[in-house]
Structure formats: structure tokens, C-alpha cells
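Chemist: Just passing along the structure, written as C-alpha cells.
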């Protein structure tokens, strides 16, 4: 077991601390609320000589990801951070980073997309780019944000795909918590030295990056990218096992909470899972056999594993902190229902779209959801989609 220091940190500070300990070769970034602090704090580390990183302040998020692509293609360990409209502006370059199989790690502080203008949390930004070819890891709190950033480097470099680690804007990013920080030497040992296989500055093995790829090979190259995403599941689990052996905190593709005998359960990502755990404990005292499944990894989507975790329930509530704008349900719910269908599992699945633009979800909201699930489990007909907490 490695030595840890218990300190108070916000989510943004925790992610910046992880970046300091990782000490990447290049960080290119542009400020945006509520993610600005991550790279602002890291820029202070650069100015104070605490890291050897080349910090590149650019004129936009599109430029930030462009610079990251150049750095990673040249063989540098590369990181960045953004949020909301910044992630939207990066979108074009995100596909390029993934298609070129560049192991960039990005901190994304989840925030609503305009319009109307809103600076608070929902998951619309990450969901917007869920098909961009980036591994997506969600964090429940500042501790997970720190741990996920450290693990993301190993994952990205092993599978040769970029990774985005998310936190909920303001709820986690600006909320102070007690967290355990590994010693610098232990983080350095865990991530290891980056030794890229192929890179532009390797003059002994010349290659072309960003070449035109028409009908002859484009399809095959995208297929390789898909297979890398599938294969990343095993790598994510292996990296988590090594991390757990060192620090004692367990991670996987998802977390189960009080699921052993659960009859009804909620599926929720991010900070809402923490609220749900408190509500579930209270419901258990009232005799409700409630549980929680918290997906940590949204891409690659662990469909077989999640279907197995949910197969014995009488009713399931899937919580979406974003909307798919008139698809049948929200993005997480669509994935869950498809996973169950593929396994031949027919369950009552209720979708709750909640928290858009940072609207709070409270313990009584969670209890309302479980009351609905209990009624549905007894055969009562319930709405397929509920906009929880909205003033209709």
C-alpha cells in the first residue's frame, strides 16, 4: 500500500493536483467556467517550477485541442481541461484525436450547453460527444476525480485512445472535501514513463499523421478504433485493480450499492449517486429494498455487465442529467434499455430527466422516484419519461 495524505480540496483542485503529480509534457488550454481553475491552478505550478510541463495558452478551445493533437502526435504526454461550450468548440478536433489514436487526457467539468446561457451542471456537454471515440469516465466526488485522472493516463496510453474524466460543475468542481492524495513518487510510479510506439519526432521510424483516407481504407481504420474501444474495458478494469492494490480504493466499470437483495434500483452517474446513497439508506430503514447502480464508465458502455447487475430487479429508474431532445428517452436510459433487450431481459424501466441547468436534486426527489418504482413493481402504470422537478 502506498502512503496517502488527507487534505481538503475542491474537485478542480483535486484534478489539478493529479495533473501536477503526473507532470505531463504539454498542457494546452483555454479558460471556461467552471473548469477554469483546473488549468489556472496548474499554470501556477508551471510558473512556480513545480512541473516541467510546457504550458500553451491558446486563443480558443478548438486551438487547445489542436495543440494537444500536435503535442501527442509528436510523442508528448498531453493533458487539457474544458467545459460546456468549450467542449462543443473542441468537437471537431475530438474526433481527430481519437481517430489518430492519441492518448490525450482531458478534465471536463460538466456544464449545461447554451441556449439559454447557463453556467451550472448537467451532462449535456459530455453526452454531446459520446460518439467521438473518447473513453468517458464519470466521478461522484472530488476523491474520484483525483483517482480517475491518475488512472486515465495509464488507460489512455495502453489502449491508444483519448480519455475524458468528468466532474459535475460547481457541485464537485467548487465543493471542498477531505480527500486522500498519493505521494508524488507513488503517482509517478503508477503512471510510469511514457514511451510512445509511433510519433512524429522519431526520425528512425518516419510516418505520416493526418493523411487523406478515402474509400480504400477509412472503413478499416474506423473499425480498428471501435475494437480499441471494446478492448479498453479490460484495460480499465486491470488498471483499477492495480490502483486498488496500491491505495485501497476500489474501482470498476460501475459501482453497486446495496444491490444484493434490492427489488428496485436507480441507475445514476456523477454526484447524484452520492445523494441517492443517502436516500437509499433512509428508505432501507423504512423497509424498502432499494439499491443503486452507478456507471463510472460511460464509454465504452459496459452493456453486458450492467444488464447482469440489473436482471433481478422488479423495476428500474434511470436518471438522465441531459435530454436527447425527443428521442424515446434520455441517453443513459436508451443505453440501459438496449443492454437489457440484447440480453432478453424484460423489465419495467422508468426514465427521469432531471437537474438540467444545475437544478438541485434533493433527498425527497430521490424518494419520489423510489415511490414510483415501488408502485410500478406492483403493476401500476407509470409514465415512461418524467421531467423530475420541472415546473410544468
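The values are calculated or read from the model by the stated rules, or taken from the named source; none is laboratory data. Note that this is a predicted model, so its numbers are computed, not measured. All Cβ positions, even for glycine, are placed from backbone atoms using ideal geometry, and neighbour counts span all protein chains on display.
Chemist: Here is a check on your reading of the model: is residue 236 touching a helix residue (DSSP H, G or I) at 6+ places or on another chain (Cβ under 7 Å), modelled with pLDDT under 95 and within 20 Å of residue 77 (Cα to Cα)?
Modeler: Taking the combined requirement at face value, the residue does not satisfy it.
Chemist: Within the range 126-147, can you find the residues that are under 11 Å from the mean Cα position of the chain (by Cα) and crowded, with 21+ Cβ neighbours inside 10 Å?
Modeler: Result: 126, 127, 134, 135, 136, 137, 138, 139, 140, 144, 145.
Chemist: Restricting to the range 358-379, name every residue that is surrounded by 15 or more Cβ atoms within 10 Å (Cβ to Cβ) and under 16 Å from residue 319 (Cβ atoms).
Modeler: Residues satisfying the conditions are 358, 359, 361, 365, 366, 367, 368, 369, 370, 372, 373, 376.
Chemist: Could you tell me whether any residue of the range 108-115 is at pLDDT 95 or above, closer than 28 Å to residue 234 by Cβ and crowded, with 18+ Cβ neighbours inside 10 Å?
Modeler: Scanning the range 108-115, I find at least one residue that is at pLDDT 95 or above, closer than 28 Å to residue 234 by Cβ and crowded, with 18+ Cβ neighbours inside 10 Å, so the answer is yes.
Chemist: Answer with yes or no whether residue 178 is loosely packed, with under 12 Cβ neighbours inside 10 Å and under 27 Å from residue 275 (Cβ atoms).
Modeler: Against the criterion (loosely packed, with under 12 Cβ neighbours inside 10 Å and under 27 Å from residue 275 (Cβ atoms)), residue 178 qualifies.
Chemist: Which residue out of 92, 37, 17, 13 is closer than 30 Å to residue 218 by Cα and in a helix (DSSP H, G or I)?
Modeler: 92
Chemist: In this structure, does residue 361 turn out to be under 22 Å from residue 263 (Cα atoms), touching a residue at least 40 places away in the same chain (Cβ under 8 Å), in the same structural domain as residue 281 (by TED's automatic domain parsing) and outside any helix (DSSP H, G or I)?
Modeler: No, not satisfied.
Chemist: So how many residues does the range 364-375 have that are closer than 22 Å to residue 168 by Cα and touching a residue at least 40 places away in the same chain (Cβ under 8 Å)?
Modeler: The qualifying residues number 3.
Chemist: Might you let me know whether the range 376-385 holds any residue that is in contact (Cβ under 8 Å) with a residue 40 or more places away in the chain, under 22 Å from the mean Cα position of the chain (by Cα) and either in a loop (DSSP other than H, G, I, E, B) or more than 22 Å from residue 139 (Cα to Cα) (or both)?
Modeler: no
Chemist: For residue 6, work out the one condition from (1) farther than 24 Å from residue 86 by Cα; (2) at pLDDT 95 or above; (3) touching a helix residue (DSSP H, G or I) at 6+ places or on another chain (Cβ under 8 Å); (4) surrounded by fewer than 20 Cβ atoms within 10 Å (Cβ to Cβ) it doesn't fulfil.
Modeler: Residue 6 satisfies every listed condition except (3).
Chemist: Given the options 343, 294, name the one that is more than 17 Å from the chain's Cα centre (by Cα) and either farther than 28 Å from residue 143 by Cβ or surrounded by 20 or more Cβ atoms within 10 Å (Cβ to Cβ) (or both).
Modeler: Sole residue among the options that is more than 17 Å from the chain's Cα centre (by Cα) and either farther than 28 Å from residue 143 by Cβ or surrounded by 20 or more Cβ atoms within 10 Å (Cβ to Cβ) (or both): 343.
Chemist: A further question follows. Please verify whether residue 267 is crowded, with 17+ Cβ neighbours inside 10 Å, closer than 24 Å to residue 125 by Cα and in contact with a helix residue (DSSP H, G or I) (Cβ under 8 Å, 6 or more places away or on another chain), treating the condition exactly as stated.
Modeler: yes
Chemist: Give the residues of the range 20-34 that are over 19 Å from residue 139 (Cβ atoms) and either in a helix (DSSP H, G or I) or without any contact (Cβ under 8 Å) to a residue 40 or more places away in the chain (or both), sorted by residue number.
Modeler: Across the range 20-34, the qualifying residue is only 31.
Chemist: Right, another one. Tell me the residue from 88, 97, 35, 14 that is buried (at least 23 other Cβ atoms within 10 Å of the Cβ), under 18 Å from the mean Cα position of the chain (by Cα), farther than 20 Å from residue 171 by Cβ and in the same structural domain as residue 221 (by TED's automatic domain parsing), please.
Modeler: Step by step, each of 88, 97, 35, 14 is checked, and only 97 is buried (at least 23 other Cβ atoms within 10 Å of the Cβ), under 18 Å from the mean Cα position of the chain (by Cα), farther than 20 Å from residue 171 by Cβ and in the same structural domain as residue 221 (by TED's automatic domain parsing).
Chemist: Using the structure shown, decide if residue 80 is more than 19 Å from the chain's Cα centre (by Cα) and under 19 Å from residue 152 (Cβ atoms).
Modeler: no
Chemist: Of the residues that sit in the range 35-56 and are without any contact (Cβ under 8 Å) to a residue 40 or more places away in the chain and touching a strand residue (DSSP E or B) at 6+ places or on another chain (Cβ under 7 Å), which one is nearest to residue 180 (Cα to Cα)?
Modeler: Per the criteria, the residue is 42.
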